[in-house]
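Report on the structure given below.
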Protein chains: 2
Amino acid sequence: MDSSQFREAAHIAIDEIIQYYDTVADRPVLPSVAPGYLRPLLPPSAPEEGEPWTAIQSDIDRVIMPGLTHWQSPKFMAFFPCNSSFPGMLGEMYSGAFNAAAFNWICSPAVTELETIVMDWLAKLLKLPECYESKGEGGGIIQGTASEVVLTAVVAARERLIRRRLADMPEGEDRIDKAAEMRGKMVALGSEHAHSSTQKAAIIAGTRYRSVPAPRSENFSVTAAALRRTIEECKAKGLEPFYFTATLGSTATCAVDDLAGIAALAADYPDIWIHVDAAYAGSALVCPEYQHLCPPLASFDSFNFNLHKWLLVNFDCSAFFIKRRKDLLDTYSIVPAYLRNNFTESGLVTDYRDWQIPLGRRFRSLKIWFVLRTYGAQGLREFIRRHVKLGEYFNSMLTSRPDIFTVVTPAAFGLTTFHINPRTPKVSSPANRPDPAHEAYTNDFTPSADAQFREAANQISKEVYEKVNAQGEFFLTSTVADGVYFIRVVSATLNAEEKYLKRVFEVLVQFAEKVRSEGSE
Amino acid sequence: MDSSQFREAAHIAIDEIIQYYDTVADRPVLPSVAPGYLRPLLPPSAPEEGEPWTAIQSDIDRVIMPGLTHWQSPKFMAFFPCNSSFPGMLGEMYSGAFNAAAFNWICSPAVTELETIVMDWLAKLLKLPECYESKGEGGGIIQGTASEVVLTAVVAARERLIRRRLADMPEGEDRIDKAAEMRGKMVALGSEHAHSSTQKAAIIAGTRYRSVPAPRSENFSVTAAALRRTIEECKAKGLEPFYFTATLGSTATCAVDDLAGIAALAADYPDIWIHVDAAYAGSALVCPEYQHLCPPLASFDSFNFNLHKWLLVNFDCSAFFIKRRKDLLDTYSIVPAYLRNNFTESGLVTDYRDWQIPLGRRFRSLKIWFVLRTYGAQGLREFIRRHVKLGEYFNSMLTSRPDIFTVVTPAAFGLTTFHINPRTPKVSSPANRPDPAHEAYTNDFTPSADAQFREAANQISKEVYEKVNAQGEFFLTSTVADGVYFIRVVSATLNAEEKYLKRVFEVLVQFAEKVRSEGSE
């Protein structure tokens, strides 16, 4: 493919991409293909001779498009969004063109230096405590995903504790044995609603894992008291808690742990590395109305959020901020002879490879730079606020029908969770009498209150959820927390609009009424 | 940025990218910027209001271009290449547009299914043993980098051994304690010339690490005997070797470990996971003349190579093949409630998140699909063979001047390593008398043979190397192995041509003569 063929192919691709975005709302959000659909459509092996681009290009429509789930559709309300933008795509284009495995400064100074600068821009934009800016001992790095970030933090935490405890031991076999013994007793902690990445990181790091209770009665948040209790329980068993993931916006309900309380507790446990995972909700910190959440971060060790979720930077792009970069370098820095260079040895440059698991790195800062400049701080705040407001709108529709819906957690960061109420035929006017579950969530709930009701509500909610997804107009997700099966609706997708939330509400009502009228209760 | 603004911006970007590729050979390969160059050129924080694309776009030339190291320049002969291609870039464009965090099948069936298919295409193209195709118990996955792959394998190996040894123990605290104790004794192995990623993976996994000697006398390769010796030494100390990285193309010299011998040994140590890291040289397996290296792979557990190095797929793209995918699933599969779905539970689909460390994944298979189809198998073989031939050409120039150069390892996969000979003024006609070091490398070398010569050769080679890089026309790397400082020249960059290798040879001769004539010996 020569330059002029590339120009032609790229122009067609750009037009196709634009056309895709213009029509994505009209496509069924979920594909209707069955597992294994693709293999019969493609040859069994790579071609011996090259093919013209036209043949390849036309296959995108023929074989790929039918198998896509459309994450940019306004009818995609599942998981958390993975929002895309045109400036983000331009960033990817240039990054792909300047193609480099830029693992240290000299491998492409612009890659390193732009990253440091845009991470400082982000720290300021989110009003993170100054300790997370590069001017002091901290700084930011772009990693791929929050899972990668959490693993990076867990392992750095584990080794930091070993360095501290064994500071007086000389290098050698005895120290290695002692460190191994310590690792065997170490336990990573996370909210029971923390993302599974903390548990996965503990598996990879070879440590134990314990979850900290975060019940409904605490709005699914970890309190300082609960964390302290778990820490002390571990210590009583001879285990060594070394790490805790605090959550700012949990996956199930967008719960925020008691950051201020946990910050106060942190002083009592200086050897526990506290990381704040704000993968989704962290983007909201661009708005001053959320920045009251930030001061406690000064008491923690690290923080991350994914710009690829809610800040318009194409996947992947997770921003990881660290208070003392030395905590990463001390664990991850290995300098074999073939990576030595005068710049690194001068100590004047950042070699981000020592802040992360992989060696090579892409030029992801271009995406952030393009997005921050194209939208400006104001544009990003508007983007977030629009979604927050849409969440409240959806929430208000749910509460307008307390006969059918019980809000489990009210709209938070554009996520509302709810379950369907079973039919309660004995009450003539359900609207006048809050159903028991609804009351339960808004007041003090005791698990024994209404087990039969709970079972029926779980059953019917699951049924409605499955019918909505099977119909194919919308894609929602559901989850289970504290024995409650509930549905999640996210109003933060790129093209989210009131009309789509109104429509999904109608579909939910329709299926709920159908299932309830068919129900055997 | 609306559709039409995006079209305009993207068309400009395409033209700039084409212009960049057309002129990359004429640019100084290394930037001349000093550390910290970028900060004064940019504002201290993100703009409040959005900026027009023209303002952003013009900054690429103003601030980014001067800080780039040009990996696509034919004068880039450092490290290993990171080759780019137009079809690879088109793959990135579509992947960015279909933007998704496709962590399981239903998140975008095409992402999963195309990946399985192109990985099977690759397995066939490289003539990997059939156990690495998806039709049986194995299969392939695209990960970001070889470092990520090696870590994935190390942790899976660690946990597989624990599952095997503790198969009879019931779940519970005793088993957790016993597993922790086992981990503390486990040791990962790699060639002393294996990439540092194995050592880094061992740190992350919290295990010990030992390197297996691979001396000059064995051409820097690990022999089965050396591996067996290291394993037995570990066992004698009460340690448990559980993993070994065999190298197919080491970073320093492109050495290939004795794969056939190690395959025979593998039967004696079924609990040691053997991974073959072919990050760079693996691409050469598209050529039948290298495929004699493949049959031993059937005795190993996993294999990887980076298409982003030498097979024209833009960074990042590392192909990881595994013999029994269950070995990954058993370690990495965690299914929280919010990720449950009928497709996953049916067992009919692949959820690649359970084969890797992160959760989300990009649509990287598009890049591979586009590259394999655009070049065809023949085109890729020609691409590789051209570079291999250029390596031999450069090698022949070096051997034509035995007075100045000693080849340390002859051209292998486009990499030649050599050192500069010190001036030997006592000999009137150096061409007639092979210098002692040269003789040493081609015959049996004893470390004590000529320590003084060695010291002088190291010193002068380092000096010449630094002068070449400082001049800025070419970018080379150097390394140290077995006490020898040597220079690496890689002839496998995208636009490599005879004229550039001829020119770098001239520059080397020129600096070598200068340094030697100034020398104090």
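The values are calculated or read from the model by the stated rules, or taken from the named source; none is laboratory data. The shown structure was predicted, so the numbers you read here are calculated from the model rather than taken from an experiment. Please note: Cβ atoms are built from the backbone with ideal geometry, for glycine as well, and neighbour counts cover all protein chains shown.
Are any residues in the range B:30-85 of a type in the set (F, W, Y) and at positive phi, and if so, which ones?
Across the range B:30-85, the qualifying residue is only B:F79.
Considering only residues that are in contact (Cβ under 8 Å) with a residue 12 or more places away in the chain and in contact with an Asp or Glu (Cβ under 9 Å, 6 or more places away or on another chain), look in the range A:367-380 and name the one that is farthest from A:G88 (Cα to Cα).
Here is the first cut: in the range A:367-380, the residues in contact (Cβ under 8 Å) with a residue 12 or more places away in the chain are A:367-375, A:377, A:380.
Filter once more, keeping what is in contact with an Asp or Glu (Cβ under 9 Å, 6 or more places away or on another chain): A:367-369, A:373-375, A:377.
Numbers: A:K367: 5, A:I368: 7, A:W369: 9, A:R373: 11, A:T374: 10, A:Y375: 11, A:A377: 16 Å.
So the residue we want is A:A377.
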- Note on the structure: Going through (1) more than 30 Å from B:P81 (Cβ to Cβ); (2) of a type outside the set (A, V, I, L, M); (3) at pLDDT 95 or above one by one, A:E115 fails only at (1)
- Message: Being within 30 Å of A:H11 (Cα to Cα) and in a loop (DSSP other than H, G, I, E, B): is that true of A:A110 here?
- Response: no
- Task: Write out, first by first residue and then by second, each pair whose Cβ atoms fall under 9 Å of each other, whose residues are 6+ apart or on separate chains, and whose first residue, in the range B:22-45, is among the β-branched types (V, I, T) while the second is loosely packed, with under 14 Cβ neighbours inside 10 Å and in a loop (DSSP other than H, G, I, E, B).
- Result: B:V29/B:G472
- Query: Of the residues that sit in the range B:153-181 and are touching a helix residue (DSSP H, G or I) at 6+ places or on another chain (Cβ under 9 Å) and at the interface with chain A (Cβ under 9 Å from one of its Cβ atoms), which one is surrounded by the fewest Cβ atoms within 10 Å (Cβ to Cβ)?
  - Reply: B:E181
- Note on the structure: Residues of the range B:36-75 being in a helix (DSSP H, G or I), within 27 Å of B:N495 (Cβ to Cβ) and β-branched (V, I, T), in sequence order, are B:I60, B:V63, B:I64
- Here are A:A153, A:A180: which of them is in a helix (DSSP H, G or I), within 28 Å of B:R160 (Cβ to Cβ) and in contact with an Asp or Glu (Cβ under 8 Å, 6 or more places away or on another chain)? A:A153
- Task: Output the qualifying pairs, or none if there are none: Cβ atoms under 7 angstrom, residues six or more apart or on different chains, first residue in the range B:394-410 and not assigned by TED's automatic domain parsing to the domain that holds B:A481 and outside any helix (DSSP H, G or I), second residue crowded, with 20+ Cβ neighbours inside 10 Å and modelled with pLDDT of 95 or more.
- Result: none
- Answer yes or no as to whether B:R208 is within 13 Å of another protein chain (Cβ to nearest Cβ) and of a type outside the set (S, T, N, Q). yes
- Out of B:T374, B:T331, B:T344, sole residue that is buried (at least 21 other Cβ atoms within 10 Å of the Cβ), of a type outside the set (D, E), over 24 Å from the mean Cα position of the chain (by Cα) and part of a helix (DSSP H, G or I): B:T331
- Taking A:S250, is it within 22 Å of A:T479 (Cβ to Cβ), outside any helix (DSSP H, G or I) and over 17 Å from the mean Cα position of the chain (by Cα)? no
- Quick count over the range B:207-247, residues being in a helix (DSSP H, G or I) and of a type in the set (S, T, N, Q), is 2
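Filter the range B:30-87 down to residues that are aliphatic (A, V, I, L, M) and facing chain A (nearest Cβ under 7 Å) and give me whichever is surrounded by the most Cβ atoms within 10 Å (Cβ to Cβ). Lay out the reasoning, then the answer.
Looking only at the range B:30-87, we keep the residues that are aliphatic (A, V, I, L, M), and these are B:30, B:33-34, B:38, B:41-42, B:46, B:55-56, B:60, B:63-65, B:68, B:77-78.
Narrowing the set further to residues that are facing chain A (nearest Cβ under 7 Å) leaves B:33, B:38, B:42, B:46, B:56, B:60, B:64, B:68.
On the way: B:V33: 15, B:L38: 20, B:L42: 16, B:A46: 22, B:I56: 19, B:I60: 20, B:I64: 23, B:L68: 25.
Looking at the filtered set, the residue picked out is B:L68.
With the structure loaded, tell me whether B:A78 is touching a residue at least 24 places away in the same chain (Cβ under 8 Å), part of a loop (DSSP other than H, G, I, E, B) and of a type in the set (A, V, I, L, M, F, W, C) or whether it fails that test. Give the derivation first.
Values: touching a residue at least 24 places away in the same chain (Cβ under 8 Å): yes; part of a loop (DSSP other than H, G, I, E, B): yes; of a type in the set (A, V, I, L, M, F, W, C): yes.
When the stated conditions are applied, B:A78 passes them.
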- Task: Would you mind stating whether A:P358 is at pLDDT 95 or above, in a loop (DSSP other than H, G, I, E, B) and touching a helix residue (DSSP H, G or I) at 6+ places or on another chain (Cβ under 9 Å)?
- Result: no
- Reported set for the range A:322-349 where residues are more than 20 Å from A:R163 (Cβ to Cβ) and within 9 Å of chain B (Cβ to nearest Cβ) is A:P336, A:A337, A:Y338, A:L339, A:R340, A:N341, A:N342, A:F343, A:S346, A:L348, A:V349
- Message: Within the range A:1-29, take every residue that is in a helix (DSSP H, G or I) and of a type in the set (V, I, T) and give me the one that is surrounded by the fewest Cβ atoms within 10 Å (Cβ to Cβ).
- Response: A:T23
- Item | Every pair of residues 6+ apart whose Cβ atoms lie under 8 Å, when the first sits in the range A:498-512 and is within 12 Å of A:F405 (Cα to Cα) while the second is assigned to a helix (DSSP H, G or I) and of a type in the set (F, W, Y) | A:F505/A:F394
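Under 28 Å from A:N83 (Cα atoms), free of Cβ contacts under 8 Å to residues at least 40 places away in the same chain and either at the interface with another protein chain (Cβ under 7 Å from one of its Cβ atoms) or more than 20 Å from the chain's Cα centre (by Cα) (or both): does that describe B:A97? So that I can check it myself, show each step before the final result.
Details: under 28 Å from A:N83 (Cα atoms): yes; free of Cβ contacts under 8 Å to residues at least 40 places away in the same chain: yes; either at the interface with another protein chain (Cβ under 7 Å from one of its Cβ atoms) or more than 20 Å from the chain's Cα centre (by Cα) (or both): yes.
Spelling it out, B:A97 is indeed under 28 Å from A:N83 (Cα atoms), free of Cβ contacts under 8 Å to residues at least 40 places away in the same chain and either at the interface with another protein chain (Cβ under 7 Å from one of its Cβ atoms) or more than 20 Å from the chain's Cα centre (by Cα) (or both).
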- Task: Take the residues in the range A:1-29 that are touching a Ser or Thr at 6+ places or on another chain (Cβ under 7 Å) and more than 9 Å from chain B (Cβ to nearest Cβ), then tell me which one is nearest to B:E382 (Cα to Cα).
- Result: A:V24
- Spot the failing condition for A:R381; the list is (1) within 30 Å of A:G414 (Cα to Cα); (2) assigned by TED's automatic domain parsing to the domain that holds A:S196, and only one is missed. (2)
